[in-house]
Amino acid sequence: MAVTEHALERDMSQPYIFYGAEVSLYSGKVRAYLRYKAIPYEERLSTLAVYRQIIVPKIGRPIIPVVLTPEGEYLQDTTVIIDALEPRFPDHPVYPDTPAQRLVALLLELYGDEWLVMPAMHYRWQYRRQNLGTILRAFGNLLRPQSPAWLKPIIGLLPAFKFGGRYQNYFGIGKPMHAAVERSYEGFLDELNAHLAKHDFLLGSRPSIGDFGFIGPLYAHLYADPAPGKLMRERAPNVARWVERMQHPEPLSGTFLANDEIPDTLVPLLARVFREQAPVLQDTVRAVTEWCAANPTTDALPRVIGRHRFTLEGDSNDRAIQPYSQWMFQRPVQFYQQLSDSERARIAPLLQQTGGLDALTTAITTPLEYVGYQARRVR
């Protein structure tokens with residue numbers, strides 16, 4: 001939808017309302033974006049009352065972050081929020097214009113949003129001894145922000161453990177996978193730390209959509225929680241400093257690398273994306289196609305449509321099949337498949353190095369869209 005000049009003026013003169021929480025993974029992605037783009041906003045804590053009175057009535061389920069625009073539109077989902085705000089605030093876009101950099105940025109956003117959530121949840125809830133005080137205070141503050149400080153950990157006890165008990169089966173990262181999750185994350189940290197020794201952000205001196213995909217898990221859980229925060233600062237200090245830059249950015253600053261350059265230091269990270277995550281995404285496409293064929297009159301897909309096997313660092317388990325992940329996977333796949341022959345030829349050496357060609361040539365015969373706060377098949 002085109003944004004009128006009058007709408008742009010309203011955007012700049014009235015603040016956006018951002019419903020989120022410091023403890024929330026995906027709130028960190030939107031908050032960093034709003035700060036970098038110098039978008040006027042007011043953050044409002046997503047307390048129990050906010051969920052009951054605003055979020056659930058408007059969105060249909062208790063989920064954050066949510067952004068209320070000056071025009072009265074409620075935006076939910078970090079990618080939807082960013083894509084809605086980019087044309088309204090076009091200065092210093094977070095999507096690179098050039099083909100290789102844009103493709104890489106989309107792939108890394110996908111990895112941050114849909115894969116790094118696993119170590120984020122693991123390190124928060126499996127290191128309870130170190131993290132518990134921080135977690136309980138945060139959850140207690142969401143439920144009863146006006147309560148005295150000493151009471152908040154007690155208030156947060158039940159909801160925290162209820163929330164923390166869901167993720168292992170959902171993501172397939174119970175006890176048999178704990179060591180694999182940690183090996184994978186430590187390898188990721190080492191690779192990102194090496195890259196950030198040479199570059200301020202993933203693709204230069206300006207954060208891209210890939211950086212914003214990473215900051216969600218890497219801030220709220222893996223930096224701010226005591227146990228993984230200590231690991232990050234000691235093992236990957238460049239990553240810790242990047243988190244701090246993302247949290248307090250110089251607004252509307254920096255540039256992407258010239259000539260569509262992809263630094264060599266990103267090659268190991270991209271190889272990890274294709275090695276770890278791509279098989280799950282490709283099998284999700286298969287499962288979505290089969291589900292839609294079996295449910296031909298249903299447009300809106302459930303959040304979970306079954307379970308499938310995945311492998312991480314040589315260990316395997318079952319996890320939930322999430323149609324939303326296909327929608328996110330479509331972004332880099334469709335972008336790549338719409339490139340010209342000459343553009344794909346220039347990217348070919350990178351894909352050969354990283355093992356990415358098979359994933360990016362996936363045939364998506366039942367595409368999804370994210371409309372009305374849910375994944376739906378495209379008719």
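No value in this document is a laboratory result; all are computed from the given coordinates. Owing to the predicted nature of the structure, the values given are computational and were not obtained by experimental measurement. Cβ atoms come from the backbone with ideal geometry, glycine included; neighbour counts cover every protein chain shown.
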- Query: What nm value, rounded to one decimal, do you get for the distance between TRP150 and ASN259 when each label is placed 7 Å out toward the C-beta?
  - Reply: 6.6 nm
- Query: By a straight-distance test (C-alpha under 18 Å), which aspartates and glutamates pair with LYS175 as possible cross-link partners, with residues fewer than eight away in the same chain excluded?
  - Reply: GLU186, GLU313, ASP315, ASP318
- Task: Only Cα pairs under 8 Å and at least 6 apart count here; give the relative contact order of the chain as a rounded whole percent.
- Result: 19 percent
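How large is Rg over Rh for the range 230-379, taking Rg from the Cα atoms and Rh as the Kirkwood inverse mean of 1/r across Cα pairs?
Values: Rg = 18.5 Å, Rh = 18.1 Å.
Checking Rg against Rh, the ratio lands at 1.02.
Given the -39500 (n - 2.57) contribution per DSSP H run of 4+ residues, what per-residue ellipticity at 222 nm results for the chain, rounded to the nearest 500 deg cm²/dmol?
Mean residue ellipticity, 222 nm, calculated: -16000 deg cm²/dmol.
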- Query: What number, in nm² with one decimal, is the all-direction average of the projected area of the convex hull of the alpha-carbon atoms of the range 99-260?
  - Reply: 10.7 nm²
- Where nothing but the Cβ of Lys and Arg (+1) and of Asp and Glu (-1) is charged, how large is the charge dipole of the range 99-260 around its Cα centre, in debye to the nearest 20? 840 debye
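If each residue's Cβ is checked for other Cβ atoms within 10 Å, how do HIS122, HIS92 rank with the fewest at the top?
Ranking HIS122, HIS92 by Cβ neighbours within 10 Å, fewest first, gives HIS92, HIS122.
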- Count the net charge of all other residues whose Cβ sits under 14 Å from the Cβ of TYR111, scoring Lys and Arg as +1 and Asp and Glu as -1. -2
- Report, ordered by chain and residue number, the lysines lying within cross-link reach of LYS37, taken as a straight Cα distance under 30 Å and ignoring same-chain residues fewer than 8 apart. LYS29, LYS58, LYS198, LYS230
- Label-point separation (nm) for HIS199 and GLU244, each offset 7 Å from Cα along Cα-to-Cβ? 2.2 nm
- Item | Dipole moment magnitude, nearest 20 debye, the chain about Cα centre, only Lys, Arg, Asp, Glu C-beta charged | 1580 debye
- Which of ALA179, ALA345, ALA100 moves the most in a Gaussian network model of the chain with Cα springs under 10 Å? ALA345
- Between GLN130 and ALA363, 0.36 nm times their residue separation minus their Cα-Cα distance comes to what? 79.4 nm
- Please build a GNM for the chain, connecting alpha carbons under 10 Å apart, and tell me which residue among ALA293, ALA138, ALA120 fluctuates the most. ALA293
- Query: Can you give the FRET efficiency for GLN353 and THR311, using 1/(1 + (r/R0)^6), R0 = 25 Å, r = Cβ-Cβ distance, to the nearest 0.05?
  - Reply: 0.70
- Note on the structure: Here FRET efficiency (C-beta to C-beta, LEU157 to GLU343, R₀ 51 Å, nearest 0.05) is 0.40
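Using Cβ contacts closer than 10 Å as the measure, can you line up ILE81, ILE54 from fewest to most?
Ranked by crowding around the Cβ, least crowded first: ILE54, ILE81.
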- Message: Connecting C-alpha atoms closer than 10 Å in a GNM of the chain, tell me which of ARG303, ARG35, ARG275 has the biggest fluctuation.
- Response: ARG303
- Here the convex hull volume per residue of the range 227-274, taken over Cα atoms and given in Å³, is 120 Å³
- Positive end of the charge dipole of the chain (Lys, Arg +1 and Asp, Glu -1 on Cβ, about the Cα centre): tell me which of LEU189, HIS122, THR134 has its Cα farthest that way. THR134
- Message: Once you compute Rg and the Kirkwood Rh from C-alpha atoms, what is the Rg to Rh ratio for the range 169-275?
- Response: 0.98
